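The values are calculated or read from the model by the stated rules, or taken from the named source; none is laboratory data. Computed from a predicted structure; not experimentally measured. Here Cβ is always computed from backbone atoms with ideal geometry, including for glycine, and neighbour counts include all displayed protein chains. Side chains included, ligands, DNA and RNA excluded: accessible areas come from the protein's heavy atoms. Shrake-Rupley method; radii C 1.70, N 1.55, O 1.52, S 1.80 Å.
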Amino acid sequence: MSGSSVNNNRLAMYPHIQTVDSSPKLPEETDVTVIGGGIIGVSTAWALSRAGVRTTLLEKGVIAGEQSSRNWGWCRTMGRDEREIPLAMASLARWPELAAELSEEIGFKRTGILYACRDETELTQQRDWLARASHYGVSSRLLDAAELARYMPGIEPGAFVGALYTPDDGRAEPDVVAPAMARSAMRLGATLLQQCAVRGIETQSGRVHAVVTERGRVRTQAVVLAGGAWSSLFCRHLGIRLPQLKVLGSVMRTPPMTGGPEAALGTSGFSFRKRADGGYTIAHRGGTLAPIVPDSFRYLRDFLPMMRTSREEFRLRLDARLWQEAWHHRRWSNDDISPFERERVLDPMPSSRVLKEAMRQISDAVPFFRNIEIAQRWGGLIDVTPDSVPVIDSINTLPGFYLATGFSGHGFGTAPGAGQLMADLVTGSTPLVDPEPYRFSRFGKTGSKV
């Protein structure tokens, strides 16, 4: 990475993001411009390129530099909002084929995922979800305590009363998948530039005509914004109000370990999954933090009625630096340095308190993880909508502009389907799944022009 404006001194400590070579120059014209080189933007560019569409992918930092390489690596259908299940099922069907299609190993394995329940109330919640989800064809089933012990040997006796188990769900390596997709998209003809922030959009006759970048201007027929945690800020620059917050997730990993569980497990207080290197990714399930910035107050009335607090526990905290920066960067000119150039990569400090609590709880419940070494800790900022369901849609107030954002921590597993669905909407093809649940209009006046 280059440039004194890059605020990411700890990025070198973050594990193993694979480098992707950029194209030699910015094109003068393209059919579709994708803004954002995270997993959703890259998946969209890959799907468009496979369809023969001239596609340009522009990333202000590096491919998968933010949350797309910092997530848990779960590929799951289990436990999702009912509106997300068809997209998750379509994605899960694609995951086993991706390595061959990308000509690279991405670490996908169907190892199964368990949601372990500490009491009958939690087990009833999982039973209720299964009753709603069964008609979609999910492979999930309920386990009692004895069955759970067989699937997850070594659990402390009495720690759990049962679990929801989905054998078809699995895992892949977040720091590998998006770079592999990006390289494949380039082989298919896509143009990709990193360290190239998009400052704004120009219109002609009321519709998208060009994007303005720090390196110049590109004529384009359509723009897909897949900016993750940056999407709300970019939308506000266009006069579009997108209700979305940045939520801090904290994660850690171990060195390679032998004899541990293959299946991933989540429960109140912790989660883990085995990595391709033999270590484990560990986090606090539900232990997320939302900084209070101007957006927090602006969208508070939209979030509070819609947040599923039983699933997503948000602890709000004040961060004066983020407040000042967000307020200062509300507006800028397309001719000026944008916020996306001032901070290329969001690289937040993880919460030591949250990770310490996760370690306490996992040590109590799974003796295998007692006295383990932690090789690394990191944070990532998650793009969260009021209902925790993404926006995958065109924006009626700006023809030619599309949103693929707000995946609320669920985007990695659904990326193969989400990218294809976005490409279908842009090209006018038959959509992979019904796009209605992901419409921008569901936010009502909140989703309108500012």
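Rounded to the nearest Hz, the phi-derived 3J(HN,Hα) couplings of the range 202-214 under the Karplus curve 6.51 cos²θ - 1.76 cosθ + 1.60 (θ = phi - 60°) are 9, 10, 9, 6, x, 10, 4, 10, 7, 10, 10, 10, 5, where x marks glycine and proline.
On a 21 Å Cα-Cα criterion, which of the cross-link pairs Lys25/Lys60; Lys274/Lys356; Lys109/Lys274; Lys109/Lys246 come out too long?
Details: Lys25/Lys60 15 Å; Lys274/Lys356 19 Å; Lys109/Lys274 10 Å; Lys109/Lys246 30 Å.
Too far apart for the 21 Å limit: Lys109/Lys246.
Relative to the longest principal axis of the Cα atoms of the chain, helix 39-50 runs at roughly 60 degrees.
Within the range 178-220, the percentage of alpha carbon pairs spaced more than 17 angstrom apart rounds to 47%. Under a 5 Å amide H cut-off, with hydrogens placed 1.01 Å from N, His209 pairs with Glu202, Thr203, Gln204 among residues at least 5 apart or on other chains. Between the Cα long axis of helix 85-102 and the first principal axis of the chain there is an angle of about 80°, rounded to the nearest 10. Put a dot 7 Å past the Cα of Ser441, heading toward its Cβ, do the same for Met349, and the two dots end up 4.6 nm apart.
Over all distinct Cα-Cα pairs of the range 353-410, the Kirkwood formula returns a hydrodynamic radius of 14.9 Å. The distance between label points at Asp434 and Glu29 comes to 4.0 nm (points 7 Å beyond Cα on the Cα→Cβ vector).
Per residue of the chain, what 222 nm ellipticity follows from adding -39500 (n - 2.57) for every DSSP H run with n ≥ 4, rounded to the nearest 500? Please list the in-between numbers first.
Values: 12 runs with 128 residues, N = 450.
Calculated mean residue ellipticity at 222 nm is -8500 deg cm²/dmol.
Pairwise Cα separations in the range 230-273 fall into 5 Å bins from 0 onward with the following percentages, short to long: 5, 14, 16, 13, 9, 9, 11, 11, 7, 4, 1. Using a 1.4 angstrom probe on heavy atoms only, work out the carbon and sulfur share of the accessible area of the chain in %. Here carbon and sulfur together make up 50 percent of the probe-accessible area.
Which of the peptides 357-366, 179-188 is most tightly packed, and how do the rest follow, judged by the mean count of other Cβ atoms within 10 Å per residue?
Numbers: 357-366: 18.6, 179-188: 22.4.
The peptides rank, most packed first, as 179-188, 357-366.
Among rounded, prolate and oblate, which fits the range 114-220 when a ≥ b ≥ c are the square roots of the eigenvalues of its C-alpha gyration tensor, a/c under 1.5 means rounded, and a/b larger than b/c means prolate? Write out the running numbers ahead of the final one.
Details: a/c = 3.59, a/b = 2.62, b/c = 1.37.
Taking the square roots of the gyration eigenvalues as a ≥ b ≥ c, the range 114-220 is prolate.
Across the range 73-80, coupling constants 3J(HN,Hα) worked out from phi with the 6.51/-1.76/1.60 Karplus curve, θ = phi - 60°, read x, 7, 10, 10, 9, 5, x, 7 Hz, and Gly and Pro carry x. Placing dummy labels 7 Å off each Cα toward the beta-carbon, the span from Arg360 to Asp21 is 5.1 nm. A full extension of the chain between Asp128 and Asn371 corresponds to an added length of 83.8 nm, given 0.36 nm per residue minus the alpha carbon distance. Rounded, prolate or oblate: which one fits the range 15-107, using the alpha carbon gyration tensor with axes a ≥ b ≥ c (rounded when a/c is under 1.5, else prolate when a/b beats b/c, else oblate)? Because a/c hits 1.5 or more and a/b exceeds b/c, the range 15-107 counts as prolate. Under the classification rounded if a/c is under 1.5, otherwise prolate if a/b is larger than b/c and oblate if not, where does the range 376-450 fall, given a ≥ b ≥ c as square roots of the Cα gyration tensor eigenvalues? Note, shape of the range 376-450 comes out oblate.
Taking Cα atoms only, the orientation of helix 352-365 departs from the longest principal axis of the chain by about 30 degrees.
Take each peptide in 215-223, 34-42, 119-127, count the other Cβ atoms within 10 Å of every residue, and average; sorted highest first, the result is 34-42, 215-223, 119-127. Accessible area per residue for the range 391-432, computed on protein heavy atoms with a 1.4 Å probe, is 25 Å².
Remark: the Thr258-Arg150 segment gains 37.0 nm on full extension, using 0.36 nm per residue and subtracting the alpha carbon distance. Within the range 93-112, which residues have the backbone N less than 12 Å from the label spot 7 Å out from Arg187 along Cα→beta-carbon, could you tell me? Zone members listed by number: 99-105. Each Cα pair under 8 Å and six or more residues apart adds its sequence gap; the mean of these over the residue count of the chain is a relative contact order of 24 percent.
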